[in-house]
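Note sheet for the following structure.
Any read-out appearing in this document is the output of simple, stated calculations on the displayed coordinates, not a laboratory observation. This structure is a prediction, so every number in the text was calculated from the model and none was measured. Note that we place each Cβ from the backbone using ideal geometry, even for glycine, and neighbour counts take in every protein chain shown.
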Amino acid sequence: MVPYLATVIAILRKDLAVEWRSRQLLAAMLIFTLLVILIFNFALELDARVRSEVSAGVLWATFAFAGTLGLNRSMAIEKEGKALDGLLLAPVDRSVIYMGKTLANLSFMLAVALFTLPIYSVLYNVDLLNGGFLLVLLLGSWGYSAIGTILSAMAIQARSRELLLPVLLFPLVIPVLVAAVRASSFFLQDLELIYIWPSLNLLIAYGLIIPAMGFMFFDLIVEE
Amino acid sequence: MISTRGLGKRYGYRWALQDVTLNVGPGEITALLGPNGAGKSTLLRILATLSKPTIGDCQMANFQLPQQAAAARAHLGFLAHQPLFYEDLSAEQNLAFYAHLYRIKRPSERIAGLLKNFDLYLRRHEPVRTFSRGMQQRLALARVLLHKPRVLLLDEPHSGLDLAGVVILDEVLRGLAKKRTTILFATHELERAQSLARKVVVLANGKLVAASTGKSVSPSSVYRRALRIANRKA
């Protein structure tokens, strides 16, 4: 178990090091996120109450689109110089590649959220420092990264992978996005937990089932 | 160490490899010759566990492929056409990452030793994308040797190397063969095959069409004869 985790962390650290050196992915995700938030801000000239109701939807739509950029880039670095073959040649269980890449994608999404949330909070006049909302952010991002990593590994073999990934991803990620939007919205409106549990349960189930699928089938996905 | 019997690989309706039977023993250097599209890279990728054969038996370092591929990987080093590096990371960072994957003890000593052997030590902190093709090839060779594999599969290892790089590589390969490392390398260069390999096998149209053993038979004559046979059959 310890060598398994150590290898997962090595892959995560490698992805973070590549990003730290190139600074391509986070910069693109951040600029994109800010632009979308600004566009929504000017497009939806709403009163304070409606703003708090729609803000979860705006946030998750922004994260979902920015996340696609991240997923594409994350697998593109494995495609360049065929580095993925280097990983596949290593005497490790191939599910470590999946787990490491999923954690890396989650880190990038959370880094974008960390930067975006304060700006969003000011522009939309919404208090986002809410424990429940932050938990939903974590669960939703984990589910998104888990399914996104599987699909980006599948799309990497295709010539038009940048086009293919969103087409494959969005239909499959709808349950996560719907549950995350509902749970976030309810938390931000301070509704009782009884209304939030169904969405939270869906996020938790998705966050367990999809990584388990990745764990079992990633070997077959990356196989030639 | 490398043993295949009736090995075949099909992509759609096209057979990239057909009925390849090959044996390479410990400490042997074998050259794999053949024109472009002959199936050399396909064969090496199957032996490297990156691709599964459609038909046939394959053993590598006493492990049955593809069933025991994960165990076999610890004992093989594969040099592909591409260097398999992260271009934004430095040479040292790349090797350190691979050292971690192969669970190498005291990796910094091993990495420093290899970088010195391949004359890259002074540029170890520079990103790989700033390296020339030859330097990337030398670094790729360092990566392949990092975990001291018992079987080496090299796809055109001399490509991109300057004269000094070629001399270093040949010395390293001869030294490894003396330590009973099994080496199979694909090349287009007959002279290289002749000077380095004890045995030459020729692939054409996915089939193993000829083989020579020992210095008594010139690889160039085997190669030309093999290509004549292949063309006649085609």
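Filter the trypsin sites (Lys or Arg not before Pro) in segment A:95-193 down to the DSSP loop ones having no more than 15 other Cβ atoms within 10 Å, then list what survives.
Here the trypsin sites (Lys or Arg not before Pro) that fit, given the DSSP loop and packing criteria, are A:Arg159.
Check B:Ala210: other-chain or 5+ apart residues with amide H under 5 Å from its amide H, H built from backbone geometry?
B:Val202
Going by alpha carbons, how many degrees (0 to 90, nearest 10) lie between the helix axis of A:95-124 and the longest principal axis of chain A?
Relative to chain A, helix A:95-124 is tipped by roughly 20 degrees.
Say each of A:Val167 and B:His188 gets a label point 7 Å from the Cα, pointing the same way as Cα to Cβ; how far apart are those two points in nm?
3.6 nm
Average partner chain C-beta neighbours within 10 Å, per residue of B:100-107?
Working: counts 9, 12, 4, 6, 0, 0, 0, 0.
For peptide B:100-107, the averaged partner shielding equals 4.
Return the sequence-ordered ³J(HN,Hα) values of segment B:63-73 in whole Hz as given by the Karplus equation 6.51 cos²θ - 1.76 cosθ + 1.60 applied to θ = phi - 60°, using x for Gly and Pro.
Once rounded to whole Hz, the list reads 10, 7, 9, x, 4, 10, 4, 4, 6, 5, 4.
Taking the number of other C-beta atoms within 10 Å as the exposure measure, put B:Glu191, B:Glu126 in order starting with the fewest. Walk me through the intermediate numbers first.
On the way: B:Glu191 10, B:Glu126 14.
Taking fewest neighbouring Cβ atoms as first place, the list is B:Glu191, B:Glu126.
How far is helix A:48-79 tilted off the main Cα axis of chain A, in degrees rounded to 10, range 0 to 90?
That works out to roughly 10 degrees.
Mind checking which of A:Tyr120, A:Asn105, A:Ser185 is farthest towards the positive end of segment A:61-192's charge dipole, using Cβ charges of +1 (Lys, Arg) and -1 (Asp, Glu) about the Cα centre?
Farthest towards the positive pole: A:Asn105.
If each of B:Asp119 and A:Val50 carries a label point 7 Å out from its Cα toward its Cβ, how far apart are those two points in nm?
Going from the B:Asp119 label point to the A:Val50 one covers 7.2 nm.
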